[in-house]
C-alpha cells in the first residue's frame, strides 16, 4: 500500500481486504468499475459519476501495465500516473491495481453490490473477448447486479490514434487504408475460423535463459570487461513458444520435439505451466537439452554476450527413427503441419522426405542462427505450401547480399510449389507474396525489448491464417500485432488469445 494524501489507492490486496471487511460491516453498498483508463476523457468522468450514484462506496480497479492489451505502445500512461489521476477524483473512494488479464478475479475478490460497465457492453455480441458474459455470471453468483451507464461515450483508442499515435507515417497510412476497406470486420471474421484447425508442430525445443548484469570495469590482468551478475530467468523457446501461441488460437495442437538426457525441456514446460498433454518429447541419448543464454546489461537492456549449449552432430539413427515414428503415426490427423527448423538436428533427410510427401498443408521456416549459419536453408525441402524467412535467410539461400525480393521470392514459391511466402524485415514490417501478388505491410511495434521470438510468433499465426485462405492484408495485420506483443517483453511470456488480438485490432482501427 502506498500512503498518499488522499489515502485512496492500493496495490496490496491483503491490506485492502481489511478495509473491505470494514465497509461491508457498515452495510455500505459497494460499486465497482474496472478498466484501463489510459487517456481519461469526459466519457470516463460521466461513467464514474453515474456509477457512484448507485451506492455509497465507489471502487475503481485499474489494469496493470503488463496486462493492457489495447495495441502497440499502450498504455500511453503508466499505472502510477493512471492511479494518481483516478484517486484525485473526489467521488472515487478507492483505487486498486488489478494484476490480472481480465476482471473476473477482482470482481470475485471485491464482490460488489453493483458492477458497472459502459453502454458499449450492452450488446454482448460486440465484446470481442467474450468476457462480459462470464463477468455477469460471477457478479450474479454472489447476489450482485451488473449495470450499464448510458452517458456520453468517447473512445480512448480513437483519441490516442488521432492525437498521440507514435507509429511511423507508413504504418498510420496503411492502417487508415485497411480500416477504410472494412479491415476490422474482415480480421474478426477470419480469426473466428481458426479455432477448429488441427495443428501439428515439429522442431527443436529451446530453453531461452536471460541473465541481467551490470558492467564493472576492465579486469586488471586481461583486456576483458567484468560484469556483476544480477538475476537469471529461463523461458520456453523454439517450438514450445510456437505451441504456446497456437494453443491460444485453436483447440487441437500437438507438438513433437526432443530433449536431452537431462530432461530440462520437461522441467521448463512444468515451470511455465504449458499445456503438456499433447507434447511428445523424445529423450535423446547423446546430447543436452538446447539452451541459449543471453546476458543483458541491466541499465541499457542491451545484450552483451550470448552462449549456446547444444550438440552440433546429427542425432543418432535410433533417436531419429523414434522421432520419425512419432511423426508418421500422427501426420494424417492434422490439417496443418508447422515445421520450425532451427537447424539443430531434429529434421533428418528421411523426416524431411516424409513431411514433404505426406503433409496435407506444410508450413516451413528454416532458421539461420550462430549454431548453423550457412547450413540450414529452405532448399533442403523439396515442397512446402507456405514459407517464412527473414531477409538474411534469403541472402544465404541465394548467396546474394542484396536480393531483389520481387524476383527471388516468386522463384522460391515456384520451386517449392508454395502458395504463400512471408519475408520478415524487422522494423520495416512484412513483405507477403501470394501468386503474382505481394504487399509490404508496415510494422506496428513501438516498444522493442527483445526481438527473440518475434519471427516465431509471426510464423505461427501466419501459417494458420494461410491454411484457411485468409487474404494477405489480414495475415500481415494480425502477424504484426502478434509480433509487436512478442517483442515488447523479455522472453516468451503470456501468449495473446484470439480475444486479445481482436482487442488490439479494434484499438488500432478505432
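Every test in (1) free of Cβ contacts under 8 Å to residues at least 60 places away in the same chain; (2) within 17 Å of residue 183 (Cβ to Cβ); (3) touching a helix residue (DSSP H, G or I) at 6+ places or on another chain (Cβ under 6 Å) is passed by residue 487 save one, and that test is (2).
Could you please let me know if residue 457 is buried (at least 23 other Cβ atoms within 10 Å of the Cβ) and either part of a loop (DSSP other than H, G, I, E, B) or out of contact with any helix residue (DSSP H, G or I) (no Cβ under 7 Å at 6 or more places or on another chain) (or both)? No. Residues in the stretch 1-18 that are at pLDDT 65 or above and surrounded by fewer than 15 Cβ atoms within 10 Å (Cβ to Cβ) were compared, and the one that is farthest from residue 93 (Cα to Cα) is 14. State whether the residues of the stretch 287-294 include one that is assigned by TED's automatic domain parsing to the domain that holds residue 208 and over 27 Å from the mean Cα position of the chain (by Cα). So far as the stretch 287-294 goes, yes, one or more of its residues are assigned by TED's automatic domain parsing to the domain that holds residue 208 and over 27 Å from the mean Cα position of the chain (by Cα). Among the residues that make up the stretch 396-406, is at least one of them assigned by TED's automatic domain parsing to the domain that holds residue 324 and within 26 Å of residue 335 (Cβ to Cβ)? No. Selection of the stretch 288-304 for residues being touching a residue at least 40 places away in the same chain (Cβ under 8 Å) and in a loop (DSSP other than H, G, I, E, B) yields 289, 290, 298, 299, 301. Only one entry in 207, 229, 242 is in the same structural domain as residue 280 (by TED's automatic domain parsing), in a strand (DSSP E or B) and touching a helix residue (DSSP H, G or I) at 6+ places or on another chain (Cβ under 9 Å), namely 207. Here 289, 259, 234, 285 are screened, and the one residue that is surrounded by fewer than 16 Cβ atoms within 10 Å (Cβ to Cβ) and more than 24 Å from residue 361 (Cα to Cα) is 285.
Residue 475 passes every criterion in (1) without any contact (Cβ under 8 Å) to a residue 40 or more places away in the chain; (2) surrounded by 18 or more Cβ atoms within 10 Å (Cβ to Cβ) apart from (1). Note on the stretch 245-261: among residues that are more than 11 Å from residue 199 (Cα to Cα), in contact with a strand residue (DSSP E or B) (Cβ under 9 Å, 6 or more places away or on another chain) and part of a loop (DSSP other than H, G, I, E, B), the one that is modelled with the highest pLDDT is 260. Taking the criterion of being surrounded by 14 or more Cβ atoms within 10 Å (Cβ to Cβ), outside any loop (DSSP other than H, G, I, E, B) and more than 19 Å from the chain's Cα centre (by Cα), the residues of the stretch 262-281 that qualify are 264, 265, 266, 267, 279, 280, 281. Residues of the stretch 20-49 that are surrounded by fewer than 17 Cβ atoms within 10 Å (Cβ to Cβ) and in a helix (DSSP H, G or I): 21, 22, 24, 25, 42, 45, 49.
Going by what's in this entry, would residue 372 be described as within 27 Å of the chain's Cα centre (by Cα), closer than 30 Å to residue 234 by Cβ and modelled with pLDDT under 95? So residue 372 fits the description; yes. Of the helices (runs of 4 or more DSSP H) lying entirely inside the stretch 110-203, those containing at least 2 residues that are within 30 Å of residue 27 (Cβ to Cβ) and at pLDDT 90 or above are 132-141.
The values are calculated or read from the model by the stated rules, or taken from the named source; none is laboratory data. All values derive from a computational prediction rather than experimental measurement. Positions of Cβ are backbone-derived with ideal geometry, glycine not excepted, and every protein chain shown enters the neighbour counts.
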